[in-house]
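Encoded as structure tokens, the structure appears first; notes follow it.
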Amino acid sequence: MKQLLVGTVGLVALAAAGAANAADFGPAPIWRWTGFYVGGNAGYSWGRSPTDATFSDSQTGATLAIVSNTPNLNGGLAGLQTGYNWQIHRLVFGIETDIQWTGEHGGASFPCPTACSPNGPVMATLDPSLRWFGTLRGRLGVTSSHVMAYVTGGLAFGEVKTDGTFSGFNLAGLPMAGTFSGSSTKAGWTMGAGAEAVLDRNWTGKIEYLYMDLGTISVIPPVAGGFSSRVTDNILRVGVSYQFR
């Protein structure tokens with residue numbers, strides 16, 4: 001978490017400097033952030049899904065082995081945002097919601113040791129993907145008219161789809177193979193920071209970093225055992241908004 005906070009502060013500093021340069025080419029110096037706005041954004045995310053695969057005896061239910069691996073959840077994203085700002089002197093308070101479509105996906109293998117079957121290896125694979133997510137966040141910023149640096153945080157929610165395979169031999173020595181799939185919509189939390197600058201008249205542009213945690217997701221395949229995954233995400237995106245003034 002310490003590295004996360006340090007990285008976020010560094011991002012805000014760089015973004016604010018870039019936003020200040022962009023503001024030099026903006027409209028007249030009188031600007032109020034108060035009002036509704038709508039816009040779009042695009043970016044990239046670096047997610048992780050630490051997963052424990054539990055292999056169990058199909059007859060007794062006893063745990064034979066637990067194998068851990070961490071699929072990545074990397075991919076592009078694009079979405080829409082809307083919100084409302086209130087400005088009091090140099091402070092800006094706001095609330096924002098967004099919806100994102102993502103191409104985040106990854107995969108990992110979970111080989112079970114001989115404890116699972118003395119008759120041959122047992123292998124499972126897991127391919128998670130974050131299909132979409134949304135957030136509902138508060139924002140608190142400090143502005144110098146055309147440039148605002150802010151922190152943000154609140155609710156996150158999204159759908160994680162998981163595809164998997166299994167193959168090998170059971171304890172009776174019989175071959176087994178198959179596929180499975182599951183989908184789960186989870187709620188969690190998000191926090192981050194960014195900088196926003198006036199581009200021209202009613203238009204603003206922003207750069208933003210978010211850390212998102214959707215909690216733990218369980219997948220039960222049609223064999224003895226199961227998967228337990230925690231889904232987190234690091235999101236970097238840029239966006240533009242139109243403010244109704």
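The values are calculated or read from the model by the stated rules, or taken from the named source; none is laboratory data. Just so it is clear, the structure is predicted and the values come from calculations on it, not from any experiment. Every residue, glycine among them, receives a Cβ derived from its backbone with ideal geometry; neighbour counts consider all protein chains shown.
Taking the criterion of being of a type in the set (S, T, Y) and over 11 Å from the mean Cα position of the chain (by Cα), would at least one residue in the range 148-155 satisfy it? Checked against the condition, which is being of a type in the set (S, T, Y) and over 11 Å from the mean Cα position of the chain (by Cα), the range 148-155 yields at least one hit. Here is the figure for the range 113-139: residues that are assigned to a strand (DSSP E or B), small (G, A, S) and either within 30 Å of L91 (Cα to Cα) or at pLDDT below 90 (or both) total 3.
For beta carbons closer than 8 Å, sequence separation of 6+ or different chains, a first residue in the range 211-225 that is modelled with pLDDT of 70 or more and a second that is not in a strand (DSSP E or B), the qualifying pairs are Y211/L4; Y211/T8.
Yes or no, residue by residue, for (1) crowded, with 16+ Cβ neighbours inside 10 Å; (2) at pLDDT below 95; (3) within 27 Å of I66 (Cα to Cα); (4) under 25 Å from the mean Cα position of the chain (by Cα):
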| site | (1), (2), (3), (4) |
| --- | --- |
| G141 | yes, no, no, yes |
| G173 | no, yes, yes, no |
| S183 | no, yes, yes, yes |
| E196 | yes, no, no, yes |
| D200 | no, yes, no, no |
| T232 | yes, yes, yes, yes |
| I235 | yes, no, no, yes |
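Out of all the residues in the range 56-65, is one or more closer than 30 Å to P111 by Cα, part of a strand (DSSP E or B), in contact with a strand residue (DSSP E or B) (Cβ under 6 Å, 6 or more places away or on another chain) and at pLDDT 90 or above? Checked against the condition, which is being closer than 30 Å to P111 by Cα, part of a strand (DSSP E or B), in contact with a strand residue (DSSP E or B) (Cβ under 6 Å, 6 or more places away or on another chain) and at pLDDT 90 or above, the range 56-65 yields no hits at all. Checking each residue of the range 8-24 against the condition of being small (G, A, S), at pLDDT 85 or above and surrounded by fewer than 17 Cβ atoms within 10 Å (Cβ to Cβ) gives no match. Looking only at residues in the range 84-139 that are buried (at least 22 other Cβ atoms within 10 Å of the Cβ) and polar (S, T, N, Q), the one that is nearest to T34 (Cα to Cα) is N85. Quick one: would you say T102 is of a type in the set (S, T, Y) and either within 26 Å of F244 (Cα to Cα) or part of a loop (DSSP other than H, G, I, E, B) (or both)? In short, no.
Can you find a residue in the range 30-42 that is modelled with pLDDT under 90, of a type in the set (A, V, I, L, M) and closer than 26 Å to M176 by Cβ? It would help to see each step written out before you state the result.
The first filter runs over the range 30-42 and keeps only residues modelled with pLDDT under 90, leaving 30-32.
From what is left, the residues that are of a type in the set (A, V, I, L, M) are 30.
Now narrow it down to the ones that are closer than 26 Å to M176 by Cβ: none.
No, the range 30-42 contains no residue that is modelled with pLDDT under 90, of a type in the set (A, V, I, L, M) and closer than 26 Å to M176 by Cβ.
G103 meets the stated requirement of being closer than 22 Å to M212 by Cα and free of Cβ contacts under 8 Å to residues at least 40 places away in the same chain.
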